[in-house]
Amino acid sequence: MSKITKALDKAKQELHGTGGSPQGDRNAPPPCEQADVCYTQTQVVEQASGASDAGQILSVAEDMGLTDCYALLRTQVLQRTREKGQNTIMVTSVNKGEGKTLTAINLAMSMAKEMVQSALLVDTNLRDPKVEAYLSLPSSRGLGDYLLDDIPLPELLINPGLNKLVVLPAGRPIAVSTEILGSPRMRHLVKEMKSRYPERYVIFDCPHLLGMPDALIFSSFVDHILLVIEAGKTTRGDIQKTLDLLEGKSLLGIVFNKVAKH
């Protein structure tokens, strides 16, 4: 638990929300301990231990090696971005199924555990959202409802039981998502998320890059791109095609996932 006074001050103003003043809620959780962030508008749920691949999620896993790997990744990200105020990071992969969603979830959780900043995890994979299932979140609404139906963002945010972490699910799958992700409304939302709380990192779980345009279009909105590659599976040709697509973009680094232990 963070004991940073700054976090406590921000809590009174909905530290992890994107706007609006705190209001009382008859369904709100009991008052938080002093070291916690109190959520008055954001829905609070406890992450189910039976969540998909729960053993690979930091808040559930007991593998210290996994925790250390993400702490190292977090440290490298912070060292390259914090002083520059670059706090919006898109996580994507070359192809589908390389582990980008788990990487995004665990990076956001690791960020939230660090003393200085909080984290907002946004599922921007509108065609095939996964974050909600991985974390066993109850909501069926999310980013798509904000973009298409103008649902207020505070009604869509969820705290999954981990202090200083808020999740914006994707909501219902949307087949035609390219134009939505590339819309001025989406661009404005990213800008708002970036600027409202400078100490908060916003992690976007985006679709894979090869074969669909969504992530490439969205990449112009964020500060950096983190590319996930499955070791031993992703071909050199596909990696090169992806790097060609990202030419001129700010590639923060490459995460090799599913590396065999020796």
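A crude spin-label estimate for the pair Glu155 and Ser195, with each label 7 Å from Cα along the Cβ direction, gives 2.6 nm. Applying 0.36 nm per residue to the separation of Ile239 and Met115 and subtracting their alpha-carbon distance, the gain on full extension is 41.1 nm. Highest-first packing order for the peptide set 72-80, 102-110 is 102-110, 72-80, based on the mean count of other beta carbon atoms within 10 Å. The relative contact order of segment 41-257, computed from alpha carbon pairs under 8 Å that lie at least 6 residues apart in sequence, is 29 percent. Per-residue packing, averaged as other Cβ atoms within 10 Å, sorts the ranges 140-150, 118-128, 222-232 into the order 118-128, 222-232, 140-150, beginning with the highest. Sorting Phe221, Phe256, Phe204 by the number of Cβ atoms found within 10 Å of their own Cβ, with the fewest placed first, yields Phe256, Phe221, Phe204. Once the gyration tensor of the Cα atoms in segment 70-229 is diagonalised, the equivalent ellipsoid follows with semi-axes of 21, 18, 16 Å, ordered largest first.
For segment 216-262, the fraction of C-alpha pairs more than 11 angstrom apart is 71%.
Every number in this text was worked out from the coordinates using simple rules, so none of it is lab data. Note that this is a predicted model, so its numbers are computed, not measured. Note that we place each Cβ from the backbone using ideal geometry, even for glycine, and neighbour counts take in every protein chain shown.
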